[in-house]
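Colleague: Pasting a structure here, questions to come.
The values are calculated or read from the model by the stated rules, or taken from the named source; none is laboratory data. No experiment lies behind these values; they were computed from the predicted model shown. Glycine gets a Cβ as well: all are built from the backbone with ideal geometry, and neighbour counts include every protein chain shown.
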Amino acid sequence: MKTYFLGACAIAFLGGLITGKSAFGATAEAGLLHSAQSEQQCLADNIYWEARNQTAKGMIGVAFVTRNRVNDTRFPHSYCEVIKQGPERPSWKDKNNMVPLRHRCQFSWYCDGKSDNIPTADLDIYEFARTVAFKIYHGHLTDFTNGATHYHADYVRPEWASTKTQTTKIDQHIFYRWEK
């Protein structure tokens, strides 16, 4: 039985590598109950879209910010909810379907209006993002951002930065902690 399970996982993993989709076919939906797979999928997507052009340490730093928000009572209680946090409006196609307001999300990629399909050329980067998501979700890495809950690119200076404590700079991101 154990061998069958491992074989199925390997096939699912390889299928995800080829398609760029979750190795277990999970979808990330925020709600009261969250599966480990959907939470890791949301986190992997966030790592990829926020830091795909950064080093491994930069990608992991983004993952820690997301995790630190999940663990902070001032933010939603799940990875998917943290990542999708922001104002919404009814879709023009279907008034019952809520969509994020463009450029108003906590993580810009989620509401930039662009496709969220992983390009075939980036499947190896995305696979690394999924590995990082797994390790962060299961607590296998130590937070070197010193509890950072925010970050921004080093070529911008958002208004909120002056109200946070800078903790580190990694690649092109400056990390901050929101003191309690």
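Colleague: Looking at (1) among the hydrophobic types (A, V, I, L, M, F, W, C); (2) assigned to a loop (DSSP other than H, G, I, E, B); (3) surrounded by fewer than 12 Cβ atoms within 10 Å (Cβ to Cβ), which is the one condition that is false for Phe144?
Modeller: (3)
Colleague: Moving on to the next point. Determine the pairs where a residue that is touching a residue at least 24 places away in the same chain (Cβ under 8 Å) and at negative phi, located within segment 113-125, has a partner that is part of a loop (DSSP other than H, G, I, E, B) and surrounded by 10 or more Cβ atoms within 10 Å (Cβ to Cβ) with Cβ atoms under 6 Å apart, the partner being 6 or more residues away or on another chain.
Modeller: Filtered contacts from segment 113-125: Ile118/Gly20; Leu123/Gly20; Ile125/Arg52.
Here's the yes/no breakdown for (1) modelled with pLDDT of 95 or more; (2) part of a helix (DSSP H, G or I):
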residue: Asn117; (1), (2): no, no
residue: Ala121; (1), (2): no, yes
residue: Asp124; (1), (2): yes, yes
residue: Phe128; (1), (2): yes, yes
residue: Lys135; (1), (2): yes, yes
residue: Tyr176; (1), (2): yes, no
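Colleague: Does Ala63 count as modelled with pLDDT of 95 or more and under 9 Å from the mean Cα position of the chain (by Cα)?
Modeller: In short, yes.
Colleague: Just name the residue that is surrounded by the fewest Cβ atoms within 10 Å (Cβ to Cβ) out of those in segment 55-108 that are basic (Lys, Arg) and touching a residue at least 60 places away in the same chain (Cβ under 8 Å).
Modeller: Arg74
Colleague: Still on this structure: Only one residue in Tyr151, Tyr126, Tyr137 is closer than 12 Å to Ile60 by Cα, of a type in the set (Phe, Trp, Tyr) and within 16 Å of the chain's Cα centre (by Cα), so which one is that?
Modeller: Working: Tyr151 fails: closer than 12 Å to Ile60 by Cα; Tyr126 fails: closer than 12 Å to Ile60 by Cα.
Testing whether each residue is closer than 12 Å to Ile60 by Cα, of a type in the set (Phe, Trp, Tyr) and within 16 Å of the chain's Cα centre (by Cα) leaves just Tyr137.
Colleague: Just for segment 147-163: of the residues that are of a type in the set (A, V, I, L, M) and either in a helix (DSSP H, G or I) or touching a residue at least 60 places away in the same chain (Cβ under 8 Å) (or both), which one is nearest to Phe75 (Cα to Cα)?
Modeller: Per the stated criteria, the residue is Ala148.
Colleague: Next question, about the same structure. Go through segment 66-110 and give me each residue that's of a type in the set (Ser, Thr, Tyr), within 14 Å of the chain's Cα centre (by Cα) and either modelled with pLDDT under 80 or assigned to a loop (DSSP other than H, G, I, E, B) (or both).
Modeller: Ser78, Ser108, Tyr110
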